[in-house]
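**Student:** Structure below; questions to follow.
FYI, it's all coordinate maths here, none of it is from the lab. Just so you know, these numbers come straight off a predicted model, no measurement behind them. Virtual Cβ from ideal backbone geometry, glycine too; neighbours counted across all protein chains shown.
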Amino acid sequence: MRVVSLLPSATEILFALGFDREIVGVSHECDFPPRARTKTIVIHSRIDKDAGPLEIDRQVREYVARGESLYAVDSEVLQELAPDLIVTQDLCHVCAASPDDLAAALAKFDVRPEVLCLNPQDLGDVWRDILWVGEETGRGWQAEKLLHGIGEKLGALQEQIEAAPSAHKEIPRVVFLEWLQPIYVGGHWVPEMIELVGGYDVFGTKRTPSFRITMEDIIDASPDVVLVAPCGYSAQQATEEFHGMNLPREWQDIPAVRNGKVFALEANSYFSRPGPRLVTGLEILAKVLHPQIKVSREAESAIHSLQVKAHAAQV
């Protein structure tokens, strides 16, 4: 079987199921595991990724307003690869290519490949999609094994959370920032992840897309924890963008700021992509809310405090 993946989370799932040689094409954003970068790129973004966050937001809104796609499929390369299966998504037309982006390219195929379209809205859907990809690729038992391992990790994490002293105190109010300029809060599976580890997402709602809020909204909400994780960004990029913001004086009065509970997280790896590494994202959130528990080294190293520099950035 020859497979083309047009979204990073599907690429991660396919590699986790043991595919390597079978994956012949990927998107420009497929970067995990590192072997994904060796595959042929069949799709490119029309958005200037080197632009600042405000400019990226402007470009996205203009493309959407004109009804134009944010992605360009290289139909010639796709034909040369001759895939049997193409995996895409129909959840967010900003985050990755959709079936509409494939329409023109597939029209040129004499024998069209099968198209598997993922559309996860919550964690249950993410785990279901892993099984679905396994079934469609003949790797059903590998998918079940992967899900079993995820389930064991979640069970062990839940036991630690329930035993932690912090779990028996007042539920912390959390704000998860999915974009900073302008400000968007996380949606879909992110509010569910926060709830699972014992927090309360002040703005987001499970199975609901992210949406825009203002700095005044955050200040008025008085969150206990602020998580900075712009979609598609690394923790370093998130940190740099946060430090470049002009924060109002009232920022200092937010409980999260006063108590050193402002963190930059690796959204690109553990929150933005609906794939196997969301379990590490849950570990990260659990460690932020319950510092006493033990998590994997990967999760531990992914938490970056912004508290000290948040004070310095204040205006």
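**Student:** From zero up to wherever the largest Cα-Cα distance of region 116-264 sits, split into 10 Å bins and tell me the percent of pairs in each.
**Tutor:** 11, 32, 32, 19, 6, 1
**Student:** Any chance you could tell me what percent of the C-alpha pair distances in region 182-261 go past 14 Å?
**Tutor:** 67
**Student:** Would you list the P(r) distribution for the chain, with all Cα-Cα distances sorted into 20 Å bins from 0 and each bin expressed as a whole %?
**Tutor:** Computed distribution, short to long bins: 32, 56, 12, 0.
**Student:** While we're here: Which far-off residues, 5 or more places away or on another chain, put their amide H under 5 Å from the one on residue 71, with H placed in the peptide plane?
**Tutor:** Under 5 Å from the amide H of residue 71 lie the amide H atoms of 46, each far enough along the sequence or on another chain.
**Student:** For region 267-310, what are the per-bin percents of Cα-Cα distances with bins 10 Å wide, up to the bin holding the maximum?
**Tutor:** Histogram of Cα-Cα distances, whole percents per bin: 29, 51, 20, 1.
**Student:** Let me ask you something else. In the neighborhood of residue 179, defined by Cβ-to-Cβ distances under 11 Å, what is the net charge if each Lys or Arg adds +1 and each Asp or Glu adds -1?
**Tutor:** Every neighbour counted, the sum reads -2.
**Student:** Cα gyration tensor of region 105-192, axes a ≥ b ≥ c as square roots of the eigenvalues: rounded (a/c below 1.5), prolate (a/b > b/c) or oblate?
**Tutor:** Because a/c hits 1.5 or more and a/b fails to exceed b/c, region 105-192 counts as oblate.
**Student:** Moving to a separate point now. Tell me the Rg and the Dmax, in Å, that the Cα atoms of region 168-209 produce.
**Tutor:** Expressed in Å, the Cα Rg and Dmax of region 168-209 come to 10.5, 36.
**Student:** May I ask you to order 171-177, 246-252 by the average number of other C-beta atoms within 10 Å around their residues, highest value first?
**Tutor:** With the highest mean Cβ count within 10 Å placed first, the list reads 171-177, 246-252.
**Student:** Follow-up. Past the 30 Å Cα-Cα mark, which pairs from 206/294; 206/261; 39/261; 145/261?
**Tutor:** 39/261; 145/261
**Student:** Could you list the square roots of 5 times each eigenvalue of the Cα gyration tensor of region 3-119, that is, the equivalent ellipsoid semi-axes, sorted largest first and rounded to whole Å?
**Tutor:** So the three semi-axes of region 3-119 are 24, 17, 12 Å.
**Student:** Hey, another quick one. Please compute the length gained on full extension between residue 119 and residue 298, using 0.36 nm multiplied by the number of residues separating them and subtracting their Cα-Cα distance.
**Tutor:** 61.7 nm
**Student:** Could you compute the FRET efficiency for residue 216 and residue 110, with r as their C-beta to C-beta distance and R0 at 45 Å, rounded to 0.05?
**Tutor:** 0.20
**Student:** Among bridges DSSP assigns within the chain, what percent are antiparallel (round to 5)?
**Tutor:** DSSP beta bridges in the chain are roughly 25 percent antiparallel.
**Student:** A follow-up question, please. Along the charge dipole of the chain, Cβ charges K/R +1 and D/E -1, which of 248, 45, 123 sits furthest on the positive end?
**Tutor:** The one lying farthest along the dipole's positive direction is 248.
**Student:** To make sure I understand, if each residue's beta carbon is the centre and we count other beta carbons within 10 Å, what order do 145, 169, 287 fall in, fewest to most?
**Tutor:** 169, 145, 287
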